[in-house]
Amino acid sequence: MKPFLRNLILGPGKFIEDYSLYRRALLLGYLELLTICIATFYFLMDMLNGINSGNLPYLIIVVVSLGALYLTRLGYYTAATIIQLIMVDAIVFYFSLYDKRHTVDLFFISNALASFVLLGYHNRLLSIAAVLFTLSLLIISFTGTFGYFPKDLNMYMFFNFIFVFIICVIILYYALRIHHHSEKITKAKNEQLQKANAELDRFVYSASHDLRAPLSSLLGLIELTRKTDDRKEIDNYLTMMKGRIHHLDDFIREIIDYSRNERMEVIRQPVNLHQLVAETTLDLKHLDGAESIDIRNEVPPDTFLPSDAMRLKIVMNNLMNNAIKYHDRNKENRFIRISVTPGQPGTHFSVCDNGMGIPTEHHDKVFNMFYRASDKSKGSGLGLYIVKQSLGQLGGSITLKSQLGEGSTFTISIPS
């Protein structure tokens, strides 16, 4: 029965991606079919009671409801809703003129509630307009006209109807508002989950490749070492092994940084930025070529930043690591300069070098997970992604200015 009604209302095999719209479209169709059934029921009741004068309104209800149902099948849900609501209001108003007990006026309340549900929270202004129109008809049906109260008007019944009408509308409005915001939160979480799943798939694939590559290289070098007795050749192989181990160690450190950034809470405390740069410089002195680079710590000693020390260390370590790895060996005066930009809200500091530089076409991609600007890249492509994610946890941002052959400047902005 349910598939039959669904195909009758929406059309056979029709798919609506928005689940909320799908439910409202089905409800609209159910109400259109229910309206046809109610009109038919009252028509038959009148026929059985020998009343033949009120058949035209019932015929209008059936024809208009069928038209609205056809529009629903075509996908014109808002138009079908408006037509159905206006028709029901008009018919209820027509019958209320002859109903001295005001029992028909109860349908005004159901129609007002249907306006909010069928039009949805997104069309709340249109829903409010429809409710005000229904309320106007309710007042007219009770009083005869605005501002004029007949002598036989039951004031208590009138105000009871009005108060129940308003209370029901307010309750439903706020229920829909809560549902709307809950739906937005759920949608945002689903999008985050889809993004996380996609990143996890890429992470597993790329990480497994980057972990196996140096290990396979080490196995090959070990086999070569076992086949030779030449000390010079053995030393060369050992140096190559050391390089593979450093590469593997750097990648494992990046994985740990990625995991810590994603899972650990932000702990804000005063961080001495000058001292952080000094410690990072000391940690990276073992890197190849670091001893020939002039690392200038131009951050004033009294520069404190209320932030997360662990994430700031990750950011600084990755940026300085890259600056050392991609320095230009053809330049005599190689440098890395870390400085603070004063006079702006928050804290702004930059890591500037005169290394190889990054081609312009890669600037908007270097912060993507596992992105490498060239085949000659020494890293995993995870470092700058971690930098951006870490700053995102701190509410900060990073920008890049770079020119091939001239060097790069990464500017970090962190709110106070």
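State the number of residues belonging to the range 244-299 that are basic (Lys, Arg) and either over 21 Å from Gly396 (Cα atoms) or surrounded by 15 or more Cβ atoms within 10 Å (Cβ to Cβ) (or both).
4
Considering only residues that are closer than 20 Å to Ile61 by Cβ and of a type in the set (Ser, Thr, Tyr), look in the range 1-45 and name the one that is modelled with the lowest pLDDT. Give the steps one after another, and end with the answer.
Residues of the range 1-45 closer than 20 Å to Ile61 by Cβ: 5, 8-9, 27-45.
With the extra rule that they be of a type in the set (Ser, Thr, Tyr), the set shrinks to 30, 35, 40, 42.
Values: Tyr30: 90, Thr35: 89, Thr40: 90, Tyr42: 85.
Among residues in the range 1-45 that are closer than 20 Å to Ile61 by Cβ and of a type in the set (Ser, Thr, Tyr), the one modelled with the lowest pLDDT is Tyr42.
Determine, yes or no, whether Arg263 is assigned by TED's automatic domain parsing to the domain that holds Gly346 and basic (Lys, Arg). So that I can check it myself, show each step before the final result.
Working: assigned by TED's automatic domain parsing to the domain that holds Gly346: no; basic (Lys, Arg): yes.
So Arg263 fails the test.
Report the residue count in the range 371-416 for those that are modelled with pLDDT of 85 or more and either closer than 18 Å to His348 by Cβ or not acidic (Asp, Glu) (or both). Can you show your working first?
Keep residues of the range 371-416 that are modelled with pLDDT of 85 or more, which gives 384-414.
From what is left, the residues that are either closer than 18 Å to His348 by Cβ or not acidic (Asp, Glu) (or both) are 384-405, 407-414.
So the count comes out to 30.
Conditions: (1) in a loop (DSSP other than H, G, I, E, B); (2) modelled with pLDDT of 85 or more; (3) among the polar types (S, T, N, Q). Thr103 meets all but one. Number of the miss?
Thr103 satisfies every listed condition except (2).
Out of curiosity, is Ser53 modelled with pLDDT under 85, in the same structural domain as Thr78 (by TED's automatic domain parsing), small (Gly, Ala, Ser) and touching a His at 6+ places or on another chain (Cβ under 9 Å)? Quick ask: steps written out before the conclusion?
Numbers: modelled with pLDDT under 85: yes; in the same structural domain as Thr78 (by TED's automatic domain parsing): yes; small (Gly, Ala, Ser): yes; touching a His at 6+ places or on another chain (Cβ under 9 Å): no.
Judged against the criteria, Ser53 is not a match.
Can you give me the number of residues within the range 47-89 that are assigned to a helix (DSSP H, G or I) and either out of contact with any helix residue (DSSP H, G or I) (no Cβ under 9 Å at 6 or more places or on another chain) or closer than 19 Å to Leu106 by Cβ (or both)?
Our first condition is that a residue be assigned to a helix (DSSP H, G or I); within the range 47-89, this holds for 47-48, 55-74, 77-89.
Keeping just the survivors that are either out of contact with any helix residue (DSSP H, G or I) (no Cβ under 9 Å at 6 or more places or on another chain) or closer than 19 Å to Leu106 by Cβ (or both) gives 48, 56-58, 61, 63, 84-89.
Looking only at that region, the number is 12.
Determine if the range 235-242 includes at least one residue that is assigned by TED's automatic domain parsing to the domain that holds Glu332, exposed (fewer than 15 other Cβ atoms within 10 Å of the Cβ) and more than 24 Å from Gly392 (Cα to Cα).
Applying the first criterion (assigned by TED's automatic domain parsing to the domain that holds Glu332) to the range 235-242 yields none.
Within the range 235-242 (the criterion being assigned by TED's automatic domain parsing to the domain that holds Glu332, exposed (fewer than 15 other Cβ atoms within 10 Å of the Cβ) and more than 24 Å from Gly392 (Cα to Cα)), the answer is no, since none of the residues qualifies.
Of the residues Asn333, Asn297, Asn318, only one is at pLDDT 85 or above and under 20 Å from Leu384 (Cα atoms); which? Walk me through how you get there before you give the answer.
Details: Asn333 fails: under 20 Å from Leu384 (Cα atoms); Asn297 fails: under 20 Å from Leu384 (Cα atoms).
So the residue among Asn333, Asn297, Asn318 that is at pLDDT 85 or above and under 20 Å from Leu384 (Cα atoms) is Asn318.
If a residue has to be within 29 Å of Thr143 (Cβ to Cβ) and surrounded by 11 or more Cβ atoms within 10 Å (Cβ to Cβ) to count, how many in the range 168-183 make the cut?
Residues flagged as within 29 Å of Thr143 (Cβ to Cβ) and surrounded by 11 or more Cβ atoms within 10 Å (Cβ to Cβ) within the range 168-183 amount to 5.
For Phe133, which of the numbered conditions (1) modelled with pLDDT of 85 or more; (2) not in a helix (DSSP H, G or I) fails to hold?
The single condition Phe133 does not satisfy is (2).
Output the number of the condition that Gly50 fails; it satisfies all remaining conditions of (1) small (Gly, Ala, Ser); (2) closer than 14 Å to Ala114 by Cα; (3) loosely packed, with under 15 Cβ neighbours inside 10 Å.
That leaves (2) as the condition not met.
Please work out if Ile245 is within 37 Å of the chain's Cα centre (by Cα) and part of a helix (DSSP H, G or I).
Values: within 37 Å of the chain's Cα centre (by Cα): no; part of a helix (DSSP H, G or I): yes.
Answer is no for this residue.
Say whether the condition of being in contact with a Gly (Cβ under 7 Å, 6 or more places away or on another chain) and not in a strand (DSSP E or B) is met by at least one residue in the range 294-317.
Taking the range 294-317 and keeping what is in contact with a Gly (Cβ under 7 Å, 6 or more places away or on another chain), we get none.
No.
Can you name the residue in the range 139-196 that is over 22 Å from Phe116 (Cα atoms) and among the basic types (Lys, Arg) and, of all such residues, is modelled with the lowest pLDDT?
So the residue we want is Lys151.
Return yes when Phe116 is hydrophobic (A, V, I, L, M, F, W, C), under 21 Å from Ile171 (Cα atoms), part of a helix (DSSP H, G or I) and touching a residue at least 24 places away in the same chain (Cβ under 8 Å) and no when it is not. Let's see the steps before the verdict.
Working: hydrophobic (A, V, I, L, M, F, W, C): yes; under 21 Å from Ile171 (Cα atoms): yes; part of a helix (DSSP H, G or I): yes; touching a residue at least 24 places away in the same chain (Cβ under 8 Å): yes.
Criteria met by Phe116.
Name the residues in the range 248-284 that are touching a strand residue (DSSP E or B) at 6+ places or on another chain (Cβ under 9 Å) and part of a loop (DSSP other than H, G, I, E, B), would you?
Val266, Arg268, Leu284
Check Val117, Val92 and return the single one that is within 29 Å of Leu59 (Cβ to Cβ), modelled with pLDDT of 80 or more and either out of contact with any helix residue (DSSP H, G or I) (no Cβ under 9 Å at 6 or more places or on another chain) or surrounded by fewer than 20 Cβ atoms within 10 Å (Cβ to Cβ) (or both). Steps first, answer last, please.
Details: Val92 fails: either out of contact with any helix residue (DSSP H, G or I) (no Cβ under 9 Å at 6 or more places or on another chain) or surrounded by fewer than 20 Cβ atoms within 10 Å (Cβ to Cβ) (or both).
Answer to the check: Val117.
The values are calculated or read from the model by the stated rules, or taken from the named source; none is laboratory data. None of the values given here were measured: they were computed from a predicted structure. Reconstructed Cβ throughout: ideal geometry from the backbone, glycine too, with neighbour counts over all protein chains shown.
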